[in-house]
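The values are calculated or read from the model by the stated rules, or taken from the named source; none is laboratory data. Quantities reported herein were computed from a predicted structural model and do not represent experimental measurements. FYI the Cβ positions are ideal-geometry reconstructions off the backbone, even for glycines, and counts take in every protein chain you see.
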Amino acid sequence: MKFSRTFVLILVMGLFSFGAYPAQVLSAEIKVATISLQDVLAQSTAGKSAQQELQAKVEEFQSKFSKEQEELEKTGADIEKKRSVWSREVQEEKERDYQMKMREFKLKTDDAQFELKQLEKKLMEPILKNLHDIIAEYGKKENYTMIFENTRKGLQSRTGLLYAADSIDISEEILKLLDARK
């Protein structure tokens, strides 16, 4: 019984002594903001330009591959229709040719996806570096302690930020600064 009273007394004293420390730390002003990088990139002149360039490349690839894809689909349908009338050797040869064409097509589309990712990286890296510099400069100038990324709100947040008041969002200010800096 004496041990538990002593333990409670030590615990209570510890809580009071620790309570003074955070009050001193918290007395310093903490200024926090959030920014939606996704919105800034989507609305900025540089981001829109990069997106248009990427979209043009996507459309180029789509037009390049659409005819070949249609031909492959037609060939696959023909094989299914005529399978029962072909001899086993003819059927195997047609399927082998079809599979080879499918693999070649997949390699081409994989190369195109890789090229698109490289183009996106090439276009976005300078914009993101510039954006990072702007955010850091803005944060120092406005005396922010922390600036959190807040692209998705609520429980679907990828950043771990579950809630932030709209009043601390600086996305518009950063967007203006990014568009002003070419």
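Observations on the model:
- So D133, is it among the acidic types (D, E) and within 30 Å of L177 (Cβ to Cβ): yes
- Of all residues in segment 28-53, exactly one satisfies the criterion of being loosely packed, with under 15 Cβ neighbours inside 10 Å and touching a strand residue (DSSP E or B) at 6+ places or on another chain (Cβ under 6 Å), namely V32.
- Single match in Q69, Q55 (criterion: out of contact with any Phe, Trp or Tyr (no Cβ under 8 Å at 6 or more places or on another chain), under 18 Å from Q113 (Cα atoms) and of a type in the set (S, T, N, Q)): Q55
- Boolean, E73 is under 30 Å from K101 (Cβ atoms), at pLDDT 65 or above and part of a helix (DSSP H, G or I): yes
- The residue that is surrounded by the fewest Cβ atoms within 10 Å (Cβ to Cβ), among those in segment 98-116 that are farther than 27 Å from R83 by Cβ and aliphatic (A, V, I, L, M), is L116.
- Considering only residues in segment 137-182 that are of a type in the set (A, V, I, L, M, F, W, C) and either modelled with pLDDT of 95 or more or not in a helix (DSSP H, G or I) (or both), the one that is farthest from A46 (Cα to Cα) turns out to be L162.
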